[in-house]
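The values are calculated or read from the model by the stated rules, or taken from the named source; none is laboratory data. Bear in mind the structure is a predicted one, so any value in this text is a computation, not a measurement. Cβ sites come from the backbone with ideal geometry, for glycine too, and all protein chains shown count toward neighbours. The area values use the complete protein model at the heavy-atom level, side chains included, leaving out ligands, DNA and RNA. Shrake-Rupley method; radii C 1.70, N 1.55, O 1.52, S 1.80 Å.
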Amino acid sequence: MANNKLKRRLNKNSFHQLTSDPALFIGVILILASLVLFIVYPLYAAAKLSLSDDGVFSLSQYQYIFTHSYYSKSIMNSVMLGAIVATLATFVGFVFAFAIAKGGIKGQKFFQPMAILPIISPPFMFALSVILLFGRNGLITAKLLHMDTSGVYGLKGLVIVQVITMYPIAYMTLVGILQAIDPDLETCAMNLGAKRIKTFFTVTLPLALPGIFASWLLVFVGSLTDFGNPIIIGGEFDVLSVRAYLEFTGMGNLPRGAALAMLLLVPTVGVFFIQKYIIKNKAYVTITGKSSRRGSSSVTGVAKIGLFIFTLGVSLFVIMFYVTIISGSFIKLWSVDWSFTLRHFVYAWDVGFTTLKNTLILATISTPITAVLGMIIAFIVVRKSFAGKQILDFLSMLSYAIPGTAVGIGYILAFNKAPFKLSGTAFILIAVYVFRNVPIGVQGGIAALKQISGDIEESSTNLGASTAYTFRKITLPLVRPAFFAGATFAFVRSMTAISAIIFLVSARWNHLTVLILAQTEIMRLGAASVLSFALIVVVMAFIFIIMKLTGLKQSQIFGTTK
Amino acid sequence: MEQKNDNEYLVLKDLTKIFSDGRGNEVTAVDNISLTIKKGDFVTLLGPSGCGKTTTLRMVAGFELQTYGDITLDNKLINNVAPFDRNMPMVFQSYALFPHLTIFENIAYGLKIRKLSKEVIKNDVAMVSQMVNLVGLENRYPGELSGGQQQRVALARALVLKPEIILFDEPLSNLDAKLRIQTRTEIKRVQQMMGITALYVTHDQSEALSMSDQIVIMNRGEIAQVGSPEEIYNNPNSSFVADFIGNANFIDAKVSEIGSKSITVTVQGNSFEVKKTDEEFSEGEEVALAIKPEAVDISLEPTGFTGKLDVSSFLGSITEYKIEFENSFIIAIHSNTAGQTVKHFKMGEEVYVDFKKEFFRIYKK
Ligand SMILES: Nc1ncnc2c1ncn2[C@@H]1O[C@H](COP(=O)(O)OP(=O)(O)O)[C@@H](O)[C@H]1O
Ligand SMILES: [Mg+2]
């Protein structure tokens, strides 16, 4: 067929583009090689170990896991926790998104940051707070209510903590979708006789449904792969990520630990594919026609008050956790001696200064690398065509789908011997940060570059501008927000990482979050509070500086792009 | 006892809308307008973009609460009636079709809300689909239809409710020119057939002229003139209306004498009389004269008026000339007789301009 012939010719051309542009060729080869080495190879190493018994291929590890309730229980627990948290967090995120995008509640300046605040928090800051407030010596449970309880450890505590940690994921997924729903549609429904509540259920909610589904899946995966919260507050409630870690490092049962981590991979990769190939095509096509974009009061006064109270309640709850951590830093012995002290700071300085410094150094090194690499890959994917482009696109996004626990185990297995002996070095940590966070930069970059149609660049060239000039004056300014958003995310995620790096830290290169975990485990909660406090301050300061230097707004950095 | 009065079906009284952004900035979008609409009439709000048409319509529909003023429908004050209880379906500029519902479900939406039986819904939707020529598309989604078809779905969704009044907000502005003309006859036909009162917003004068029983010209939130299409076209009461509705040419003139019925003005040294209007003028005053292009021609013989040709466009039955006259540009229209060749003028050439002087209207400058 002529069509096929054309296709073949295009393919030939695209291969030709690669060979005729040596810089592009070398660049693509280098990037592909590094993606294979740092994403595929470790995964392969972990998978191989989990599938072998004394060097021969075997499914015995998996068989063992599924036939022993000790392990299969943790799978059940993880799934159950994930489902509960996904449902609740999506609900909370939806209410926030609805209140902000459609409800027109007062105090948007306060609620918008509150809707995303928890994502910049250290991984188990909320778990720590919950222990201080509701634990055995908790301020609220023990002191105010005189309850003798350890009930906060386990499912209940985990649900609270993960919902608070993850509702921003739901919010960020949903707010853009709700904003994109043409207000004319809701106005029109009312015009046709639907009361406000009916309008919500027949128009707004159905249109948000794909987003709700996406959000549920994202949070589900987030809960499943969470390591920081369950290790602190999980108690007897065993989940997969913690089980894998304990098995691998505690018991030294490497194959079983690897197999447990591989099991985490199944849902995450599944969701990754659903996201990439199903939900994308499910989104409702926008219809032609110019919208007035004018809302009409589609929320009743009572509903508005309800939304306000709910979002305020959640916000105050979140703030309470922050206040608890900060107070915990200054209190001599929580629940026993409430007097003011600075001794936790002194102690934290002693044990934590070097770690804080090293954590910062590594995050600062890896952030620009991540952002630049992400933008380069995005640029190649959007603007160049050559055979194998899909592979580049796929690989660069894949690490998004791999749970940290699997990455950590994979890295240890892959890089502990020649020819890639990296364990114990700073390099391995930087590699983890870069390759785990690069998908965010790639995604943002692709979205930004796609907005700039080739036409804009061509018309600039057409007006006589050189390619370099076009890039500097047209392309660069337009991708700038995406670049800094990617950089900010990379930094925050590097600073607050735990699930992968806990396998990779060494005495020389420790990470602050791992140190906080250690302090919590030995019940030095004051010091843990101080270190968490320090981490929050560093992250906030970084975001503040980026916003001041670049003039970008919160919504541009934590954009509504999914 | 309430008296039904079909001459005062929809009444807007002193209607005003002031938007404030909460930071002390206020925009008066609609400024104290009063309007009476007869039952069964097709009434058009016409005016340039931003003059407050949509805001007026949205107040009538109840989407926006007026700052002052009253809206009365069929002798009942409806100021406080919720939008979903007003039963005044509106056709949106964006069509506002529900993208997650099929065409059938879109059209049936209002009927379902009214809890009609499945049978009735099916019948009514089928009838309306027939009427607006949508048969066979019922199971498609809006995204799968062309712009013209989407527009008809929006219309059907409103008509199926058998409303007494229907609101339109620039429903044709997203269609291409040919379809626009087709659809406006369609709308007019259906409106007359069903005897529905229509309040129609547009910024397109030919749409307004061809469809309306009454035209309401709006300017900066106020009503500039109300009247039938002929009245407005032939007797615009202000230079704004003259300009907007007739694309009038404006030329500078000076008042030389004021008579009892007419005013003598001077243009390019020629004096002639124009009809007096309500406006007061004084001798020696600089004024503007408006004249429609079809009352201006280009002449081969001297007429006393000369201009400089800028561009000529041959359009088949007519030729349009753009002429620099005094300090402004005017448009002249020459009817071409079939078979005769048109005389060609060069750009910048001096030409004689022929005004049908009885069509001049005088306005304050
Ligand atoms: N929600 C609003 N807030 C502030 N100003 C508005 C709002 N809606 C409309 N306006 C202003 O009111 C004026 C009239 O707008 P509109 O009724 O849409 O005009 P039209 O439909 O005639 O183009 C415009 O100046 C517009 O900017
Ligand atoms: Mg408008």
task: Determine which single condition B:Asn80 fails, assuming it passes every other condition in (1) within 16 Å of B:Glu164 (Cβ to Cβ); (2) more than 9 Å from chain A (Cβ to nearest Cβ); (3) part of a loop (DSSP other than H, G, I, E, B).
output: (1)
statement: Subset of the range B:19-65, residues assigned to a loop (DSSP other than H, G, I, E, B), more than 14 Å from every other protein chain (Cβ to nearest Cβ) and more than 13 Å from ligand 2 (Cβ to nearest atom), comes to B:Gly24, B:Asn25, B:Lys38, B:Lys39, B:Gly40, B:Asp41
message: I'd like to know if the range B:171-187 contains one or more residues that are touching a strand residue (DSSP E or B) at 6+ places or on another chain (Cβ under 6 Å), in the same structural domain as B:Val216 (by TED's automatic domain parsing) and within 20 Å of A:Leu192 (Cβ to Cβ).
response: yes
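Out of all the residues in the range B:215-222, is one or more more than 23 Å from B:Ala96 (Cα to Cα), in contact with a Leu (Cβ under 7 Å, 6 or more places away or on another chain) and open to solvent by 20 Å² or more (accessible area, probe 1.4 Å)?
No, there is no match, as no residue in the range B:215-222 is more than 23 Å from B:Ala96 (Cα to Cα), in contact with a Leu (Cβ under 7 Å, 6 or more places away or on another chain) and open to solvent by 20 Å² or more (accessible area, probe 1.4 Å).
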- prompt: If we scan the range A:92-113, do we find a residue that is surrounded by fewer than 20 Cβ atoms within 10 Å (Cβ to Cβ) and within 11 Å of A:Tyr167 (Cα to Cα)?
  reply: no
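Listed here are the residues, each with its yes/no results for (1) open to solvent by 10 Å² or more (accessible area, probe 1.4 Å); (2) farther than 18 Å from A:Ser241 by Cβ.
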site	(1), (2)
A:Val159	yes, no
A:Ala170	no, yes
A:Asp184	no, yes
A:Thr187	no, yes
A:Leu192	no, yes
A:Phe213	yes, yes
query: Does B:Thr16 fit the bill of being out of contact with any Leu (no Cβ under 7 Å at 6 or more places or on another chain), assigned by TED's automatic domain parsing to the domain that holds B:Thr197, away from ligand 2 (no atom under 16 Å from the Cβ) and assigned to a strand (DSSP E or B)?
result: yes
query: Among (1) within 13 Å of ligand 1 (Cβ to nearest atom); (2) open to solvent by 60 Å² or more (accessible area, probe 1.4 Å), where does B:Arg189 come up short?
result: (1)
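Take the range A:106-151 and flag every residue that is at pLDDT 85 or above and part of a loop (DSSP other than H, G, I, E, B). Break it down stepwise before answering.
At the first step, the residues of the range A:106-151 found to be at pLDDT 85 or above are A:106-118, A:125-134.
Passing the criteria: A:Lys106, A:Gly107.
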task: Quick one: in the range B:170-183, of everything that is part of a loop (DSSP other than H, G, I, E, B) and away from ligand 1 (no atom under 16 Å from the Cβ), which residue is nearest to the other protein chains (Cβ to nearest Cβ)?
output: B:Leu175
statement: Within the range B:37-73, of all residues that are surrounded by fewer than 17 Cβ atoms within 10 Å (Cβ to Cβ) and more than 16 Å from ligand 1 (Cβ to nearest atom), the one nearest to the chain's Cα centre (by Cα) is B:Lys38
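Per-residue answers, yes or no, for (1) modelled with pLDDT of 80 or more; (2) open to solvent by 20 Å² or more (accessible area, probe 1.4 Å):
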| residue | (1), (2) |
| --- | --- |
| A:Leu392 | yes, no |
| A:Ile409 | yes, no |
| A:Ile428 | yes, no |
| A:Ala447 | yes, yes |
| A:Ser460 | no, no |
task: Output yes when any residue across the range B:19-27 is at pLDDT 90 or above, buried (at least 16 other Cβ atoms within 10 Å of the Cβ) and not β-branched (Val, Ile, Thr), and no when none is.
output: no
message: Where the second residue is part of a helix (DSSP H, G or I) and β-branched (Val, Ile, Thr) and the first is at pLDDT 95 or above and lies in the range B:178-203, which pairs have Cβ atoms under 7 Å and are six or more apart or on separate chains?
response: B:Leu199/B:Val60; B:Val201/B:Thr54
task: Kindly establish whether B:Gly69 is of a type in the set (Gly, Ala, Ser), within 14 Å of chain A (Cβ to nearest Cβ), away from ligand 2 (no atom under 16 Å from the Cβ) and not in a helix (DSSP H, G or I).
output: no
task: Report whether or not A:Thr199 is assigned to a helix (DSSP H, G or I), in contact with an Asp or Glu (Cβ under 9 Å, 6 or more places away or on another chain), buried (at least 20 other Cβ atoms within 10 Å of the Cβ) and more than 7 Å from every other protein chain (Cβ to nearest Cβ).
output: yes
- line: Residues of the range A:243-261 being surrounded by fewer than 24 Cβ atoms within 10 Å (Cβ to Cβ) and among the aliphatic types (A, V, I, L, M), in sequence order, are A:Leu246, A:Met251, A:Leu254
task: Quick one: B:Met88 ticks every box in (1) within 16 Å of ligand 2 (Cβ to nearest atom); (2) within 11 Å of another protein chain (Cβ to nearest Cβ); (3) within 21 Å of the chain's Cα centre (by Cα); (4) in a loop (DSSP other than H, G, I, E, B) except a single one, so which number is it?
output: (1)
- line: Filtering strands (runs of 3 or more DSSP E) wholly in the range B:205-318 for at least 3 residues that are more than 29 Å from B:Leu46 (Cβ to Cβ) and in contact with a Ser or Thr (Cβ under 8 Å, 6 or more places away or on another chain) gives B:249-258, B:262-267, B:270-275
task: Show the residue pairs that are 6+ apart or on different chains and have beta-carbon atoms under 7 Å apart, the first residue being within the range A:313-329 and touching a residue at least 12 places away in the same chain (Cβ under 8 Å), the second being not in a helix (DSSP H, G or I).
output: A:Gly328/A:Trp334
- prompt: Cβ-Cβ below 7 Å, separation at least six or inter-chain, first residue in the range B:32-54 and farther than 19 Å from B:Phe92 by Cβ, second away from ligand 1 (no atom under 16 Å from the Cβ) and open to solvent by less than 10 Å² (accessible area, probe 1.4 Å): which pairs?
  reply: B:Ile37/B:Tyr9; B:Ile37/B:Leu10; B:Ile37/B:Thr197; B:Lys38/B:Tyr9; B:Lys39/B:Tyr9; B:Lys39/B:Thr197; B:Gly40/B:Thr197; B:Asp41/B:Thr197
query: Applying the selection to the range A:506-548, what residues are open to solvent by less than 40 Å² (accessible area, probe 1.4 Å), over 22 Å from A:Lys332 (Cβ atoms) and among the β-branched types (Val, Ile, Thr)?
result: A:Thr513, A:Val514, A:Val538, A:Val539, A:Ile543, A:Ile546
